[in-house]
Amino acid sequence: MNANFGYHADPVRILGIESSCDETAIAIVKGDGDSIIVEKNLIASQAKLHEKYGGVVPEVAARKHTDVIFPLLVEAGVARDGSNIDAIAVTAGPGLVPALRVGVELGKTLAWAWNKPLIGVNHLEGHIYSVWFSGKPSFPALCLLVSGGHTELILMKDHGVYELIGKTRDDAAGECFDKAAKLLGLGYPGGPAVSKAALAGKRDAIEFPRPMLESGDFDFSFSGLKTAVLVRRKEHPEDRVEDVCASLEEAIVDTLVGKTLSAVEKYQPTSVILSGGVSANKRLREKLADALSHAAAQPPFFTPDFAYTGDNAAMIAAAGYFHAKQKDFADPLQVVADPNMRLV
């Protein structure tokens, strides 16, 4: 997408819009060279709304996005004529179609009304760029992207240049956390609930498998691990929930760290990035940082501040800024919500 619609000068202030799932988010990010400053980052969470369903209901999420997205624009201080904005970046996918459409249509409308450049951002790319608020990874960078819907190893060769080297063949790591939490009666969202319970458990209490750790490639699989939790609960109901959580978390973390280290050995990146919602997991951060510090090359390790680990519009604006630097814009009439958008 290289249309120069409405483009007159190098953009420096980017309006970010995110509505791919159950977080409505608006942000303003200012870019200068390779440095990015977050001026506003507002998020309206729907976690409590969807808790009673045990997961996100797309139509309910979309209606809530519609209710709060315009008040967030006002709260962020966005001028009604867009005069304090140079370009607009909106999550175009992947995500839930009804939810995505709310943000996409808003971004298209504002771009058309204000005659401003529009960037359709891949949500996964946004997660990768969430680390640029606190550091500047060098290229090539190996990215471990871990969230509720995605677990991927990506080699980032330059801004906007990616090679997918590994992905989950079924459930993502975050999905495994969430489904296990439901099996254990811990509620939604599951990842934080499992991690909290794990603090009081023994990580070696149960010998859960480390799926595909010795597969010889960089793919993942977590559906069997979720099933292992189910079988264990049926065969050993006396297990403490805390021990199950601690042992499960350790299995997931060991698998993610092991695969990442193997990729580091093969590709020799000059930096390593951990991003996505599951990057908020403290055990994962600690074990990956420690493992990299003992690796032969000891590549610098980057992970986002906790405020930017979940879905947010600042990361979408950050990715949009680097597209804007390359004048990589889209015609507002052509951008559509794509639930299956691929980064690579």
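The values are calculated or read from the model by the stated rules, or taken from the named source; none is laboratory data. All values reported here derive from a predicted model rather than from experimental measurement. A quick note on method: Cβ atoms are made from the backbone with ideal geometry, for glycine too, and the neighbour counts reach across all protein chains shown.
Could you check Leu100 against (1) without any contact (Cβ under 8 Å) to a residue 12 or more places away in the chain; (2) under 19 Å from the mean Cα position of the chain (by Cα) and say which number it fails?
Of (1) without any contact (Cβ under 8 Å) to a residue 12 or more places away in the chain; (2) under 19 Å from the mean Cα position of the chain (by Cα), only one is false for Leu100: (1).
Applying the selection to the range 193-220, what residues are surrounded by fewer than 18 Cβ atoms within 10 Å (Cβ to Cβ) and either small (Gly, Ala, Ser) or in a helix (DSSP H, G or I) (or both)?
Lys196, Ala200, Ala205, Ser215, Gly216
Within the bounds of the range 42-54, is there any residue that is under 30 Å from Asp158 (Cα atoms) and within 20 Å of the chain's Cα centre (by Cα)?
Quick first cut of the range 42-54, residues under 30 Å from Asp158 (Cα atoms) only: 42-43.
In the following step, the residues that additionally are within 20 Å of the chain's Cα centre (by Cα) were identified as 42-43.
Yes, the range 42-54 contains a residue that is under 30 Å from Asp158 (Cα atoms) and within 20 Å of the chain's Cα centre (by Cα).
Scan the range 316-333 and give yes if some residue there is under 18 Å from Cys176 (Cα atoms), small (Gly, Ala, Ser) and touching a residue at least 40 places away in the same chain (Cβ under 8 Å), otherwise no. So that I can check it myself, show each step before the final result.
Narrowing the range 316-333 to residues under 18 Å from Cys176 (Cα atoms): none.
Checked the range 316-333: no residue is under 18 Å from Cys176 (Cα atoms), small (Gly, Ala, Ser) and touching a residue at least 40 places away in the same chain (Cβ under 8 Å).
Could you tell me how many of the residues in the range 102-134 are aromatic (Phe, Trp, Tyr), in contact with an Asp or Glu (Cβ under 7 Å, 6 or more places away or on another chain) and farther than 30 Å from Pro300 by Cβ? Walk me through how you get there before you give the answer.
In the first step, residues of the range 102-134 are kept if they are aromatic (Phe, Trp, Tyr); the result is 112, 114, 129, 132-133.
Pick out the ones that are also in contact with an Asp or Glu (Cβ under 7 Å, 6 or more places away or on another chain) and you get 114, 133.
Subset that is farther than 30 Å from Pro300 by Cβ: 114.
Qualifying residue count, the range 102-134: 1.
Tell me, which helices (runs of 4 or more DSSP H) lie completely within the range 239-340 with 3 or more residues that are within 22 Å of Gly31 (Cβ to Cβ) and modelled with pLDDT of 95 or more? I'd like the intermediate steps shown before the answer.
Details: elements: 241-267, 282-293, 313-325.
Qualifying helices (runs of 4 or more DSSP H): 313-325.
Taking the condition touching a residue at least 12 places away in the same chain (Cβ under 8 Å), basic (Lys, Arg) and either within 12 Å of Phe222 (Cα to Cα) or not in a loop (DSSP other than H, G, I, E, B) (or both), does Lys182 pass? Break it down stepwise before answering.
Working: touching a residue at least 12 places away in the same chain (Cβ under 8 Å): yes; basic (Lys, Arg): yes; either within 12 Å of Phe222 (Cα to Cα) or not in a loop (DSSP other than H, G, I, E, B) (or both): yes.
Taking the combined requirement at face value, the residue satisfies it.
Is it the case that Thr91 is under 30 Å from Phe177 (Cβ atoms) and at pLDDT 95 or above? Break it down into steps so the answer makes sense when it comes.
Working: under 30 Å from Phe177 (Cβ atoms): yes; at pLDDT 95 or above: yes.
Yes; evaluated as a whole, the condition is true for this residue.
On the basis of being more than 21 Å from the chain's Cα centre (by Cα), within 15 Å of Val335 (Cα to Cα) and of a type outside the set (Ser, Thr, Tyr), does Leu110 make the cut?
Answer is yes for this residue.
Cβ-Cβ distance below 7 Å, separation of 6 or more or different chains: which pairs start in the range 274-288 with a residue that is at positive phi and end on one that is β-branched (Val, Ile, Thr)?
Short answer, once both residue conditions are applied: Gly276/Val146.
Among Thr303, Thr270, which is under 30 Å from Val12 (Cβ atoms) and either surrounded by 21 or more Cβ atoms within 10 Å (Cβ to Cβ) or of a type in the set (A, V, I, L, M) (or both)? Walk me through how you get there before you give the answer.
On the way: Thr270 fails: either surrounded by 21 or more Cβ atoms within 10 Å (Cβ to Cβ) or of a type in the set (A, V, I, L, M) (or both).
Answer to the check: Thr303.
Test of understanding: among Thr255, Thr227, which residue is in the same structural domain as Asp171 (by TED's automatic domain parsing), among the hydroxyl-bearing types (Ser, Thr, Tyr), over 27 Å from Ser45 (Cα atoms) and buried (at least 20 other Cβ atoms within 10 Å of the Cβ)?
From the options Thr255, Thr227, the qualifying one is Thr255.
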